[in-house]
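Inspection log for the structure reproduced underneath, given as structure tokens.
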Amino acid sequence: MASHAIEVKNLYKIFGPRGEDFVDVVKKGMGKAELNEKHGHVLGLQDINILMPGGCITVVMGLSGSGKSTLIRHINRLIDPTAGEVLYDGTDVCKMSENDLRQFRRHKTAMVFQKFALLPHRTVLENTIYGLEIQGIERRESEKRARGWIERVGLKGFENHYPNQLSGGMQQRVGLARALTNDADILLMDEAYSALDPLIRMDMQTVLLDLQKELKKTVVFITHDLDEALRLGDKIAILRDGRVVQQGTGQQIVLSPADDYITAFVKEVNRGRVVHVETIMRPLSGNPEGVSLPAGMVLEAAARTMTGAHVAAAHVVDENGRPIGAIDLQTIIAAMVTPTSHADRQAA
């Protein structure tokens, strides 16, 4: 397992005074509605198994009530599980002592919230150094680190402003700067951009992606928005009623939805702007044909390149320019078409 990876294993959360008593009946097939009706307990999470690779962005998405926010709160143990494990570099967070857990929260994790969670009586600078103050870091060092991150998120010159003097996007930049100033391995982002206007939201996504290229944090990002998940996620896990319905790369989920629930999620996605050429390429046989397309190019751009060059065949190359696969225009166009339902594909 990669360094700083998080592994959630066999995780159950049943809300109620006797949650442990009902894990076995849930394992035997009792669903959320029946558990609530018969026993007055609420099934929050059911048998969650997700590996969140170190240095990558794992997006957990689902509709309201799917359990995604409950799941992220298990990672820093704001919620205790009813059963199961949450492993960080092989250590079970759920079994940490009170002191070890405190150290883990202070030094290994940082959270960015939907509602910004800024202290209104503190300036941008004072909000940003808040976590370092709690850690007991010397003021001069705290300010130096904070000012660096304030500049990195685009707020240089606003250090002495108060939250009510900032726009929503600027406030969220402060939240991100505060999290990064702590230099934690794990960044937990719970619907961090959901309250922002669409253009500001896109801007903040770009900020995160640009920073992540350099920082390689282990990011867990919660969202209900598929476009956001596809843009940010190295890996995506989709929850429904407390269960993982499908997990994988955005490419895998868009091209091979696990069931009709996922099919409905992805049917409006512009596949041409999401799917990469290497996802649908076939092995090379003989010499490379046509134009070269870099791995990571989306299908829409590939089709445009090939039609512009008046060719129907192409080959995909890696970052060093080495051919790694073949592709043709017909395959690209077919992959851009909205998929049939899961049931139809199974029948076919």
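The values are calculated or read from the model by the stated rules, or taken from the named source; none is laboratory data. The structure displayed is predicted, hence computed values, not measured ones. All Cβ positions, glycine included, derive from the backbone under ideal geometry; neighbour counts span all protein chains shown.
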- [ ] Spot the failing condition for Phe221; the list is (1) modelled with pLDDT under 95; (2) among the hydrophobic types (A, V, I, L, M, F, W, C); (3) under 17 Å from the mean Cα position of the chain (by Cα), and only one is missed.
- [x] (1)
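Among the residues in the range 192-213, are any closer than 26 Å to Asn10 by Cα, touching a strand residue (DSSP E or B) at 6+ places or on another chain (Cβ under 9 Å) and among the aromatic types (Phe, Trp, Tyr)? Steps first, answer last, please.
Keep residues of the range 192-213 that are closer than 26 Å to Asn10 by Cα, which gives none.
Scanning the range 192-213, I find no residue that is closer than 26 Å to Asn10 by Cα, touching a strand residue (DSSP E or B) at 6+ places or on another chain (Cβ under 9 Å) and among the aromatic types (Phe, Trp, Tyr), so the answer is no.
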- [ ] Please tell me if Gln165 is in the same structural domain as Ser194 (by TED's automatic domain parsing), under 28 Å from Pro198 (Cα atoms) and modelled with pLDDT under 90.
- [x] no
TODO: Run down Glu133, Glu151, Glu143 and say which single residue is in the same structural domain as Val220 (by TED's automatic domain parsing), modelled with pLDDT under 90 and either in contact with a helix residue (DSSP H, G or I) (Cβ under 7 Å, 6 or more places away or on another chain) or not in a loop (DSSP other than H, G, I, E, B) (or both).
DONE: Glu133
- [ ] Would you please name the residue that is surrounded by the most Cβ atoms within 10 Å (Cβ to Cβ), looking only at residues in the range 181-222 that are among the polar types (S, T, N, Q) and without any contact (Cβ under 8 Å) to a residue 40 or more places away in the chain?
- [x] Gln205
- [ ] Scan the range 128-182 residue by residue and report those that are closer than 20 Å to Arg201 by Cβ and not hydrophobic (A, V, I, L, M, F, W, C).
- [x] Arg152, Gly154, Pro163, Ser167, Gly168, Gly169, Gln171, Gln172, Arg173, Gly175, Arg178
Open item on the list: Scan the range 186-207 and tell me whether some residue there is modelled with pLDDT under 90 and closer than 14 Å to Ala110 by Cβ.
Closed with: yes
Task: Matching residues, the range 118-130, being touching a residue at least 24 places away in the same chain (Cβ under 8 Å) and in a helix (DSSP H, G or I) - done: Val124, Leu125, Asn127, Thr128, Tyr130
- [ ] Quick one: count up the residues across the range 282-302 that are within 26 Å of the chain's Cα centre (by Cα) and either more than 16 Å from Glu319 (Cα to Cα) or touching a residue at least 40 places away in the same chain (Cβ under 8 Å) (or both).
- [x] 3
